[in-house]
Amino acid sequence: MHEMSLAQSIVEIVENTAQQNQASSVVAVKLIIGELAGVEMHALMQGLKIASQGTVMQEAKIEIERPGGTAWCLKCQKTVPIHRRGEPCPVCGSYQLSVNGGDDFRVSELELGDS
Ligand SMILES: [Zn+2]
């Protein structure tokens, strides 16, 4: 499952960062997952639950920011909003789009515990 390996890589990043900062727990994790990142959110949350068991991230609150997708339309010569890859331009209906935003997938912030 794609989301399970994504969840594992998030937990790894969080664990490494906590270790570097000598934190024994993580209070909150903020993720940025764009609308076009191709991630099934429900599956990711379940994956995170499983992958974080027994780690510093076990009790962490998970916040997710979901920037909307955008693409450059060759016909309109401007950036337009899209919600799925393969969607036509909402302005002119053209399929000549190249995604230029909303495909991020990263850990943006960590709140580490003191003790
Ligand atoms: Zn267009």
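Here, each number is a calculation from the coordinates, and none is a lab measurement. Keep in mind that this is a model prediction, so the values were computed, not measured. Backbone-built Cβ (ideal geometry, glycine too); neighbour counts: all protein chains shown.
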When a footprinting reagent is the concern and you count Cβ atoms within 10 Å, what order do V11, V80, V91 take, fewest first? V91, V80, V11
C-alpha center-to-center spacing [region 5-39, region 63-115] in angstrom: 21 Å
Against the longest principal axis of the chain, how steep is helix 2-20, in degrees 0 to 90 to the nearest 10, with axes from Cα atoms? 50 degrees
K49: which lysines have alpha carbons under 19 Å from its alpha carbon, excluding same-chain residues fewer than 8 sequence positions away? K30, K61
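Given the chain, what percent of its DSSP beta bridges are antiparallel, to the nearest 5?
Around 75 percent of the beta bridges assigned by DSSP in the chain are antiparallel ones.
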Histogram of C-alpha separations across the chain, 5 Å bin width, %: 2, 12, 20, 17, 13, 10, 9, 7, 5, 3, 1, 0
Do you know the relative contact order of region 2-112, to the nearest whole percent, from alpha carbon pairs under 8 angstrom that are 6+ apart? 36 percent
With only Lys, Arg, Asp and Glu charged, each at its Cβ (+1 for the first two, -1 for the last two), find how big the charge dipole of region 1-104 is about the Cα centre; round to the nearest 20 debye. 360 debye
For C73, C92, what's the fewest-to-most ordering of other Cβ within 10 Å of each Cβ? C92, C73
Helix 41-51 versus the longest principal axis of the chain: what is the Cα-based angle in degrees, 0 to 90, to the nearest 10? 20 degrees
